[in-house]
């Protein structure tokens, strides 16, 4: 079992977005059709999608210190939670931890959208399109959920995003070692940014993406404490049961299932 | 660059000014980060809070076009607080040199100015010489006519208060930057300056760069590891293009382009361009110029070039007048140019005053565009509002190989000339530029032979051999590279380096600066040795080859004192062992010991020029406003650079702040490349930045009722464009002379010839530029803005 993780050091990120492009290039994913910027600043697209498995979030600039305005730019993708909500709610057991990474098995996914609703980070998304990449691989399948697979699908030793990062804002390696490294950097950073923090140590049982931040996680919209606890087991089972029932009422007919799940998904997102 | 990319990691202080390195040279930030890991500090000075600024330890905001006020302030701060590397300044600069009593300065004008022609006679910008013809000096720096004292007086006006009044940067911020930056005056502390177009693309661009040279000389930072002044070049091989004389004013190796009026023959040329000195301490390297020019002529004209005919100097085309880009396009607009070859260039998007430049293309009889695919310029007749039936230009589009589809060298900003291999074949009929030029040459030669003509010899008798046999399918870049290196004419053996070149026709050399890149030992540019030098500074002398002669840090002779001991032993570039030099390749050659020669060998004086007669607009830097400015010049009563050329034909093309109150600047984003032809067809990049946008402050947005994402119209005397407005706190107004000066920043990557399209910012930029080079003033001009 791999003990690897990603370390995202936002103090080293210059926002070049090579990571966002590298993932697209390595997997042969299509570009998004965007207009202007989703924002804040240059952020595009607004959120992850079935065809955008990592993106760079630009935060608004904090100019309270004239000589040292702060502009945090943060690489975001699936956090590969140890106790992932998406794994817990999937009625088909299509999502599982493979070698520590949270992986969607496309052959089992029914596109119900339970994972989409359950993920507090809004990571997995169901695709509206089909895409065959330039090496003939069906990299995106219609009506199935997709997200970062830590470069285990189109396998490589070091994930593409990490390899391409010019400023070593992204590094990859043994989780425990990276956490040690993060803690020692934190000591240094706190001299300039007293509220600097490390995110990912305990959330959802521990994330495989550790992020170093200049301020506390809530400043970046990252859930902590109660909001980052794995979904209650009973609740997860209830969700699974709901989707199972849906499956029954649609007589297992794929077309009916898909419509029902689409409705359930949109109802779910309305509530959320 | 005087230094190189990796060397940035050796700096204690990194100043990024006139550059947005994190944005446009993202890989370079690896080295910036390595410096910071060791305690190095990053200072960013920029009108906007950019992606580079987001990484800075200290940020200062200045109004576009006010760099010289800020730099003047830094220079004044160093002089007033005695933050200079005293021994370095006395020994290695002209600080102690006495200046002619005829030199004077008053109210922004130096002695020798002719207001009618806007030109300076530089006669008075001279030294007082002794009876041996060597400049008189006062090493105590007390004599009121010594450069040091003249500078103290000149820069005394650039107080922190003045800096704030002109630039809008608070006195406090300025002083923090000044304190940190000038702390590197100590011999064992070093700062580097990284700059790019934000520095050069002004009517005072050259003086902006000079100001960096001046402060770095005062601080003793030139020639040292982690020091220098470092231009971050743009296009991948622009350094190579510059070295091989893409620009009108030079021939390969930075020798002046012969001009018809000034250089009627070779003797007059040599007299005019070979500097002289009587100072035995000065190597005056350009005294070797005749060897380089003759060797180049021998390479080009071969057997036809003999001593009797001055090596065919008369066959070289001579410039009728200065023809930088703006002048060229003004002439084209007047219908004076018949045809054009556009090699990978897209002026309809990238040129200043691009509406006018596009119209200029319409006046050509023919245009040959060599490019990877259609660009806005190659389909200029398809522009909005233009009827192709009214355009008589015959346009050819030649599909070109990209840099990975051919073999050859790419010279980076650090002068490293890395050889690259062909990764794959070009698609369809695309071929390398080299082969296109060769085909054109062969056809021209055949036509001249068949039909005769006005002057066939320079074509018909040219020494042109870039194929292994006449019927070979393509040219061999190795043959070009070998000619560039130089060889003995009789034996055809490659020369070791430019010290082997002669002025008697016995050697041929395409570009003396590259002497040593491809010797008898082989292609030095293709080396990939990973062993660092003994001084462990990241020089990697066995990785590729750098010019000149594989030197990694230019002016390194200034890195040691007169005894040959490094100023900074912890980061020693060179050491004199008592009998030889170790470390980097020593400037000026190994035979001269430390006390024998002065380090700035490319100057006739041999020392760094704090006071310089080498530029046309003044021996000391002085602040002037951009041609279009929202405020008056309060440093002196001249408006813009008195020595900048103002063409008659652009007279009506400028506006004032009454109609166009906002200062505009044009710049780039990481996600797009220059005029956008390379990137606006790529979905992964257009996902990130899909359309044309401008950046304005929340206060300007509020005043104009503009919300983030609104379509706006930006306009001035030269054009009107539409763009999306990105309302951001990264742009803030400045308080200047009681006014609140707002900025409209724009990217200039967009045009209408590619998949992702938008209006071109360059419709708004002016046809005026730097006094020395005429690089256009893309970085500071006036516009108005309103919701569309």
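What whole number of Å gives the distance from the Cα centroid of region B:701-731 to the Cα centroid of region B:129-193? That distance is 40 Å. Modelled spin labels at residue B:123 and residue B:321, positioned 7 Å past Cα toward Cβ, are 2.6 nm from each other. Every helix of 4 or more DSSP H residues in chain A counts as -39500 (n - 2.57), and over all residues that averages to -8500 deg cm²/dmol at 222 nm.
Rg of the Cα atoms in region A:1-156, relative to 2.2 N^0.38 Å, amounts to 1.10. Shape class for region B:616-662: oblate, because the ratio a/c of the largest to smallest gyration tensor axis (alpha-carbon atoms, square roots of eigenvalues) is 1.5 or more and b/c is at least a/b. For residue B:720 and residue A:65, a Förster radius of 56 Å and the Cβ-Cβ distance give a FRET efficiency of 0.90, rounded to the nearest 0.05. Peptide B:717-727 has a mean of 1 when you count, residue by residue, the C-beta atoms of other protein chains within 10 Å of its C-beta.
Kirkwood hydrodynamic radius of region B:294-361, from the reciprocal of the average inverse Cα-Cα distance over all distinct pairs: 14.5 Å. P(r) for chain A, from all Cα pairs and a bin width of 10 Å, is 7, 29, 35, 22, 7, 1, 0 %, short bins first. Look at the alpha carbon pairs under 8 Å that are at least 6 residues apart: their mean separation over the length of chain B gives a relative contact order of 17 percent.
Each residue, residue A:256 and residue B:425, gets one label point 7 Å from its Cα in the Cβ direction; the gap between the two is 5.6 nm.
Within region A:9-45, what residues put their amide N at less than 18 Å from the label point 7 Å along the Cα-to-Cβ vector of residue A:191? Only A:11-12 pass the distance filter. The equivalent ellipsoid that matches the C-alpha gyration tensor of region B:527-577 spans semi-axes of 22, 12, 7 angstrom, in descending order. Here each label is just a point 7 Å from Cα along the line to Cβ, and for residue B:502 and residue B:735 those points are 7.1 nm apart. Fully extending the segment from residue B:699 to residue B:260, taken as 0.36 nm per residue of separation minus the present Cα-Cα distance, adds 152.6 nm. Residue order for A:96, A:145, fewest other beta carbons within 10 angstrom first, comes to A:96, A:145. Sorting B:415, A:68 by the number of Cβ atoms found within 10 Å of their own Cβ, with the fewest placed first, yields A:68, B:415. The equivalent ellipsoid that matches the C-alpha gyration tensor of region B:24-104 spans semi-axes of 32, 19, 12 angstrom, in descending order. Given the C-alpha centroids of region A:183-221 and region B:67-117, what is the distance between them in whole angstrom? Measuring centre to centre over Cα atoms gives 49 Å. With the gyration tensor restricted to C-alpha atoms of region B:612-760, the semi-axes of the equivalent ellipsoid amount to 31, 21, 15 Å, longest first. What's the center-to-center distance, using Cα atoms, between region A:85-149 and region A:1-75 in Å? First find each Cα centre; the distance between them is then 21 Å. Using a Debye calculation, one point per C-alpha and no hydration shell, please list log10 I(q)/I(0) for region B:246-294 at q = 0.13, 0.17, 0.32 Å⁻¹ in order. Treating every Cα as an identical point scatterer, log10 I(q)/I(0) equals -0.33, -0.54, -1.27.
What does the average come to when, for each residue of peptide A:33-39, you count the partner chain Cβ atoms lying within 10 Å of its Cβ?
Average per residue, whole number: 6.
Rg/Rh, computed from the Cα trace of region B:534-657 with Rh as the Kirkwood radius, has the value 1.20. Scaled against 2.2 N^0.38 Å for its residue count N, the alpha carbon radius of gyration of region B:119-197 is 1.52. Kirkwood radius, chain B, all distinct C-alpha pairs, inverse of mean reciprocal distance: 27.6 Å. The helix-only estimate of mean residue ellipticity at 222 nm for chain B, built from DSSP H runs of length n ≥ 4 each weighted as -39500 (n - 2.57), is -6000 deg cm²/dmol after division by the residue total. With coordinates expressed along the principal axes, the C-alpha atoms belonging to region B:203-246 extend over 33, 29, 15 Å, beginning with the largest. Normalised by the number of residues in region B:647-788, the average gap of Cα pairs under 8 Å and 6 or more apart makes the relative contact order 35 percent. Beyond 17 Å, what percent of the Cα pairs of region B:78-164 remain? That fraction is 56 percent.
Select from A:261, A:199, A:189 the residue whose mean-square fluctuation is largest in a Gaussian network model of chain A (Cα-Cα springs shorter than 10 Å). Maximum among the listed residues: A:189.
In region B:356-463, one over the average inverse separation of all distinct C-alpha pairs is 16.9 Å, which is the Kirkwood hydrodynamic radius. The Cα atoms of the protein assembly as shown define a convex hull whose projected area, averaged across directions, is 45.2 nm². Normalised by the number of residues in region A:168-258, what is the relative contact order in percent for Cα pairs under 8 Å and 6+ residues apart? Relative CO of region A:168-258 lands at 17 percent. Taking all Cα-Cα distances within region A:137-182, those exceeding 12 Å account for 70%. Peptide B:1-12 is shielded by partner chain Cβ atoms: per residue, an average of 0 of them sit within 10 Å of its Cβ. Annotation: peptides B:675-681, B:281-287, ranked by per-residue average of other Cβ atoms within 10 Å with the highest first, follow the order B:675-681, B:281-287. Peptides B:401-413, B:552-564 ranked from most to least packed by the mean count of surrounding Cβ atoms within 10 Å: B:552-564, B:401-413.
Values quoted throughout were computed directly from the atomic coordinates according to the rules given, and no laboratory measurement underlies them. Quick caveat: nothing in here was measured; it's all calculated off a predicted structure. Neighbour counts are summed over all protein chains in view; Cβ atoms, including those assigned to glycine, are modelled from backbone coordinates with ideal geometry.
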